[in-house]
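Asks: One structure follows; several queries about it will come next.
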Amino acid sequence: MSGARVYLNDLGIICALGEGKAEVRQALFASDTPHGVAISDAMTPGRPIAIGHVQSPLPEIIERPLPLHGRNNALLAAAFAQIRNAASQAIARYGADRVAVILGTSTSGIGEAEQALPRWQDTAHWPADFHYSQQEIGAPSRFLVHESGARGPAWTISTACSSSAKALASAARLLRAGIVDAVIAGGADSLCRFTIEGFTALESVSPARCNPFSRNRNGINIGEGAALFLMTREPGPVHLAGWGETSDAHHISAPEPQGIGAVTAIQQALSRAGIDARQLDYVNLHGTATRQNDAMESLAVTTVFGDEVPVSSTKPLTGHTLGAAGAIEAGLCWLSMVDNADGWLPPHWWDGEADPALPPLRFVQPGERATRPLRHVLSQSFAFGGSNAALLFGVE
C-alpha cells in the first residue's frame, strides 16, 4: 500500500471566518472587505488588538469527563460535528480499531490553567471545574477519541506552527502503511493570554490587522480555530498528493534566513506528488507578517517557483492559529478545490506596499479567479525551532 493515494474525504472547520464549509467559503472569497480578524480587548483588557476570535457559540461539553473540558476541545467538537456522520460510517465499515486520531495543537488547555491559577494563588486550592490534565498536549486526541469512538492509534503533535500540517502527513503515512483504514486528522488551538503575551514579548504582535510581505509589516495577529479531515484510501474530492518535512535547528524562534529547510520541504512535497514546480496552481503561504518569516518565505518560494505562481497569506483573515494553522489552511485549500466552479482564489489582503528588500511574489488580488482549474495546490507551515512542513493537494 506504500504507493496508495490518500484522500481528504470530508472537512469540518471553524475559525474567525465562520463555522462550516459554506460560511467559511463565503467569507474567504469575499472581495468587498477582509472578514474574520477584528479589533478586540477580550484577551488584553484595556489594550485592544486585532485577533482571530471565533464568534460562533461552541458546543457545550460540560457532560464530558472533567479532564476533557476546555475551549480547545469545544472547538474540536464544533469541527467534528461537521464530519461526525462520515467518521461514524468509517468506524462502522472498518471497525473502531482501524480508525486513528492524529491532531496538532500548541495551546491545548493552557487557557483553562490561566483562569484557574489566580484561585490557587489566593486559596492554595484549584477550582472545582479545573483538572491539571486539561492542559496536557495529549488532551485534544483523548477528547476526540471519546467523541468519535475511534480505537486505533491516537496521538497529538506539538511542533508549534507546523503541528497540524505534520498531523496530516502522519495520517498519510499510517494509511499508506496499511496500519489503519481511516484517520480523523487536523488540529485545534484556542486563544489565551499566554500566547498573546509571549509573542508580544518578542515584539511580534501587530495591534492592527496583519500586513504580510508589506514594507510596513509589524507582526502577527493571534487567532483560534479547528479543522478536521476524514482521511482514507477511498477516492474523495481531494488527495494529499505529497508532503515534505524538514528541521533547520537554526534558532529557537528565528527561521533559517536562506530558507534552505523550507525549500527542501517544498521539493520533497513536489517529488512525492510526482509533479514539476511549473504545474503548481496556487500556494497558501505561511505569511505571518513578521520581518524574518516573510523574508525567508519569499526567498524560498521564488527559489522553487519563481514569481509566476499565484500566492496569498490567509492570516489577515483567520489570524495565526498556531498549532491549528496547518490544518485550517489545508481546509482553505480544500475549499478552493472543491465546489468552486468559478475558480476563486484566496485573496491576499495587505496595503499593497511591497518591501523592496524581498523577492517579488504574485499576490492574489481580492476577487481574482484562477486562470486554469486548480489541480495542484500547496500549503506551507514554518514553525519555531525550524520545523518546516509543506502539504501538496491534488484533484483528479
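Asks: Scan the range 186-231 residue by residue and report those that are among the small types (Gly, Ala, Ser), surrounded by 16 or more Cβ atoms within 10 Å (Cβ to Cβ), farther than 30 Å from Tyr7 by Cα and at pLDDT 95 or above. Talk me through it step by step, then tell me what you get.
Replies: Keep residues of the range 186-231 that are among the small types (Gly, Ala, Ser), which gives 186-188, 190, 198, 201, 204, 206, 208, 214, 219, 223, 225-227.
Going one step further and asking which of them are surrounded by 16 or more Cβ atoms within 10 Å (Cβ to Cβ), we end up with 186-188, 190, 204, 206, 214, 219, 223, 225-227.
Next, from what is left, pick out any that are farther than 30 Å from Tyr7 by Cα: 204, 206, 214, 219.
Passing the criteria: Ser206, Ser214, Gly219.
Asks: Specify the residue that is nearest to Val283 (Cα to Cα); the eligible residues are those in the range 338-372 that are modelled with pLDDT of 95 or more and basic (Lys, Arg).
Replies: If we take residues in the range 338-372 being modelled with pLDDT of 95 or more and basic (Lys, Arg), then Arg362 is nearest to Val283 (Cα to Cα).
Asks: Against the condition touching a residue at least 60 places away in the same chain (Cβ under 8 Å), over 19 Å from the mean Cα position of the chain (by Cα) and not in a strand (DSSP E or B), how does Leu191 come out, does it pass?
Replies: no
Asks: How about the range 1-69: which strands (runs of 3 or more DSSP E) wholly inside it have at least 1 residues that are more than 22 Å from Leu144 (Cα to Cα) and of a type in the set (Gly, Ala, Ser)? Break it down into steps so the answer makes sense when it comes.
Replies: Values: elements: 7-15, 38-40, 49-51.
Filter on the range 1-69 gives 38-40, 49-51.
Asks: Of the conditions (1) among the aromatic types (Phe, Trp, Tyr); (2) under 20 Å from Glu329 (Cα atoms); (3) not in a helix (DSSP H, G or I), Phe80 satisfies every one except a single condition; which number is it?
Replies: The number of the failed condition is (3).
Asks: Another question, if that's okay. Hey, can you tell me all the residues within the range 84-139 that are in a helix (DSSP H, G or I), within 23 Å of the chain's Cα centre (by Cα) and over 21 Å from Phe194 (Cα atoms)?
Replies: Passing the criteria: Arg84, Asn85, Ala86, Ala87.
Asks: Return the residue satisfying two criteria in turn: it lies in the range 121-144 and is of a type outside the set (Gly, Ala, Ser) and closer than 15 Å to Ile61 by Cβ, and of such residues it is surrounded by the most Cβ atoms within 10 Å (Cβ to Cβ). Don't jump to the end; show me each part of the working.
Replies: We begin by selecting, within the range 121-144, every residue of a type outside the set (Gly, Ala, Ser); these are 121-123, 125-127, 129-132, 134-137, 140, 142-144.
Filter once more, keeping what is closer than 15 Å to Ile61 by Cβ: 129-131, 134, 140, 142-144.
Values: Asp129: 12, Phe130: 20, His131: 20, Gln134: 24, Pro140: 34, Arg142: 20, Phe143: 29, Leu144: 28.
Among them, the one singled out is Pro140.
Asks: Name the residues in the range 160-179 that are under 20 Å from Phe143 (Cβ atoms) and crowded, with 24+ Cβ neighbours inside 10 Å, would you? Explain how you work it out, then say what you get.
Replies: Taking the range 160-179 and keeping what is under 20 Å from Phe143 (Cβ atoms), we get 163-164, 166-168, 170-171, 174.
Across the range 160-179, the qualifying residues are Ser163, Ser164, Lys166, Ala167, Leu168, Ala171.
Asks: Still on this structure, I have one more. What are the pairs with Cβ atoms under 8 angstrom where one residue, in the range 357-379, is part of a strand (DSSP E or B) and the other, located anywhere, is among the hydroxyl-bearing types (Ser, Thr, Tyr)? Sequence gap at least six, or different chains.
Replies: Phe363/Ser312; Val377/Tyr282; Val377/Ser336; Leu378/Tyr282
Asks: Right, here's the next one. Is it the case that some residue within the range 73-81 is touching a residue at least 40 places away in the same chain (Cβ under 8 Å), of a type outside the set (A, V, I, L, M) and surrounded by 14 or more Cβ atoms within 10 Å (Cβ to Cβ)?
Replies: Within the range 73-81, one or more residues are touching a residue at least 40 places away in the same chain (Cβ under 8 Å), of a type outside the set (A, V, I, L, M) and surrounded by 14 or more Cβ atoms within 10 Å (Cβ to Cβ).
Asks: Give the number of residues within the range 196-249 that are of a type in the set (Phe, Trp, Tyr) and over 17 Å from the mean Cα position of the chain (by Cα).
Replies: Initially, the range 196-249 is screened for residues of a type in the set (Phe, Trp, Tyr), giving 199, 213, 229, 243.
If we keep only those that are over 17 Å from the mean Cα position of the chain (by Cα) as well, we get 199, 213.
Total meeting the criteria: 2.
Asks: Next question. Do you know which residues across the range 100-120 are within 16 Å of His69 (Cβ to Cβ) and in contact (Cβ under 8 Å) with a residue 12 or more places away in the chain?
Replies: Thr105, Thr107, Ser108, Gly109, Ile110, Gly111, Glu112, Ala113, Glu114, Gln115, Ala116
Asks: Looking at Tyr132, Tyr94 in this structure, which one is free of Cβ contacts under 8 Å to residues at least 40 places away in the same chain and aromatic (Phe, Trp, Tyr)? So that I can check it myself, show each step before the final result.
Replies: Values: Tyr94 fails: free of Cβ contacts under 8 Å to residues at least 40 places away in the same chain.
Result of the check over Tyr132, Tyr94: Tyr132.
Asks: Quick check on this structure: which one of Arg93, Arg5 is charged (D, E, K, R) and surrounded by 14 or more Cβ atoms within 10 Å (Cβ to Cβ)? Explain how you work it out, then say what you get.
Replies: Details: Arg93 fails: surrounded by 14 or more Cβ atoms within 10 Å (Cβ to Cβ).
Going through Arg93, Arg5 in turn, the sole match is Arg5.
Asks: Does any residue of the range 308-327 turn out to be buried (at least 24 other Cβ atoms within 10 Å of the Cβ) and free of Cβ contacts under 8 Å to residues at least 60 places away in the same chain? Spell out how you get there, then give the answer.
Replies: Taking the range 308-327 as the starting set, the residues that turn out to be buried (at least 24 other Cβ atoms within 10 Å of the Cβ) are 311-327.
Right, trim to free of Cβ contacts under 8 Å to residues at least 60 places away in the same chain and you get 311-312.
Yes, some residue in the range 308-327 is buried (at least 24 other Cβ atoms within 10 Å of the Cβ) and free of Cβ contacts under 8 Å to residues at least 60 places away in the same chain.
Asks: While we're here: Here are some residues: Gly36, Gly18, Gly109. Which one is at pLDDT below 95, buried (at least 16 other Cβ atoms within 10 Å of the Cβ) and under 23 Å from Ala165 (Cβ atoms)? So that I can check it myself, show each step before the final result.
Replies: Working: Gly36 fails: at pLDDT below 95; Gly18 fails: at pLDDT below 95.
Answer to the check: Gly109.
Asks: Here is a follow-up. Scan the range 47-69 and give yes if some residue there is at pLDDT 95 or above and on the phi > 0 side of the Ramachandran plot, otherwise no.
Replies: no
Asks: To continue, here is another question. Of the conditions (1) touching a Phe, Trp or Tyr at 6+ places or on another chain (Cβ under 7 Å); (2) surrounded by fewer than 16 Cβ atoms within 10 Å (Cβ to Cβ); (3) within 17 Å of Ser298 (Cα to Cα), Asp355 clears all except one; give me its number.
Replies: Of (1) touching a Phe, Trp or Tyr at 6+ places or on another chain (Cβ under 7 Å); (2) surrounded by fewer than 16 Cβ atoms within 10 Å (Cβ to Cβ); (3) within 17 Å of Ser298 (Cα to Cα), only one is false for Asp355: (2).
The values are calculated or read from the model by the stated rules, or taken from the named source; none is laboratory data. Not measured: the values here are computed from a predicted model. FYI the Cβ positions are ideal-geometry reconstructions off the backbone, even for glycines, and counts take in every protein chain you see.
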